[in-house]
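Presented below is the structure to which this report refers.
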Amino acid sequence: MWVQQGKHRNRNAMAGSKKKIIGCAAVIEEMLPLLPSDLAYEILDFGLHFRPSHLKSALQKAIDASAQDVDTIILGYGLCSNGAVGLKAPKTATLVIPRVHDCIALFLGSHESYKQQLKAEAGTFFLAKGFIEVGDTPLDEYKRTVERYGKERADRVMRTVFGHYTRVLFINTGHQDLSKYREHSRQMAQQFGLRYEETKGSRVFLEKMIRGPWDREFILVKPDETVTIEQFLKET
């Protein structure tokens, strides 16, 4: 299992702002070109994804602390292994949560686009700039495992992990220079015997998170209410 320690960056909102985004490092990395200068954001460790109970605890702590200064908190998370289920909105703030299973849908532009990609090929491992820039990818973990335990053991572990995957799909999210991220994705595909492909992503969902409208693609959790699994299972 690869666990990434995300970058800890926090930017205070300018006077008058009532919104704040709390997101994982990969999502905020993709959002940075879109963020208005007066919108506060807070980054949580990407590695929390692999420990959902810790993710829930860290998110709730960040939500409660943020409610002192804002009245709307936008989460750069989806269901994320049920890490969002059970979160409680503060008494003074509304939570806005994308109605998606994970952040891949945010980079593709919609949950429907995500479902279509998985329907086309279930054994898809998704990569995007945000994942590669801030995360320990499987390729990084493979190299560390080779150093610690040798190539034979590393190959055996990765064959087990990636046995059901057939392709690496790189999501082009519109950044100007993606050459090193494409190369990383190609190397990963080659190392694990997978096919490399690229697809055009979309910033539509990310833009809506920041500016609205918060329509049926979002869950609005009113003050003092709790997030439920049923809210994520509703069709958008």
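The values are calculated or read from the model by the stated rules, or taken from the named source; none is laboratory data. Please read these numbers as outputs of a predicted model, since none were measured by experiment. Ideal geometry is used to build each Cβ from the backbone, glycine not excepted, and the neighbour counts take in all protein chains shown.
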Report task. Go through the residues of segment 65-75 one by one and say whether even a single one is of a type in the set (D, E), within 19 Å of the chain's Cα centre (by Cα) and not in a helix (DSSP H, G or I). Result -> no
Query raised in the report: Under the condition of being in a helix (DSSP H, G or I) and in contact with a strand residue (DSSP E or B) (Cβ under 8 Å, 6 or more places away or on another chain), which residue from segment 184-196 is nearest to A105 (Cα to Cα)?
Result: S185
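Every residue, every condition in (1) touching a helix residue (DSSP H, G or I) at 6+ places or on another chain (Cβ under 8 Å); (2) farther than 14 Å from Q231 by Cα; (3) surrounded by 14 or more Cβ atoms within 10 Å (Cβ to Cβ), yes or no:
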| site | (1), (2), (3) |
| --- | --- |
| A62 | no, yes, yes |
| Q68 | no, yes, no |
| T72 | no, yes, yes |
| C80 | yes, no, yes |
| V100 | yes, no, yes |
| I104 | yes, yes, yes |
| Y114 | yes, yes, yes |
| L127 | yes, yes, yes |
**Report entry** Pairs with Cβ under 8 Å, 6+ apart, first in segment 49-72 and on the phi > 0 side of the Ramachandran plot and assigned by TED's automatic domain parsing to the domain that holds V27, second at pLDDT 95 or above and of a type in the set (D, E)
**Finding:** none
Query raised in the report: Which of (1) buried (at least 18 other Cβ atoms within 10 Å of the Cβ); (2) part of a strand (DSSP E or B); (3) touching a Leu at 6+ places or on another chain (Cβ under 7 Å) does T199 not meet, given it meets every other one?
Result: (1)
Query raised in the report: Which condition breaks for S37 when tested against (1) touching a residue at least 24 places away in the same chain (Cβ under 8 Å); (2) closer than 24 Å to E133 by Cβ?
Result: (1)
Report task. Residue by residue through segment 89-148, note down the ones that are in a loop (DSSP other than H, G, I, E, B) and of a type in the set (A, V, I, L, M). Result -> A89, A93, V100, A122
Requested in this report: State the number of residues belonging to segment 209-236 that are surrounded by 17 or more Cβ atoms within 10 Å (Cβ to Cβ), of a type in the set (V, I, T) and either part of a loop (DSSP other than H, G, I, E, B) or in the same structural domain as Y114 (by TED's automatic domain parsing) (or both).
Outcome: 1
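Yes/no per residue for (1) of a type in the set (F, W, Y); (2) closer than 30 Å to L95 by Cβ:
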| site | (1), (2) |
| --- | --- |
| T145 | no, no |
| Y196 | yes, no |
| G201 | no, yes |
| V204 | no, yes |
| E225 | no, yes |
| F232 | yes, yes |
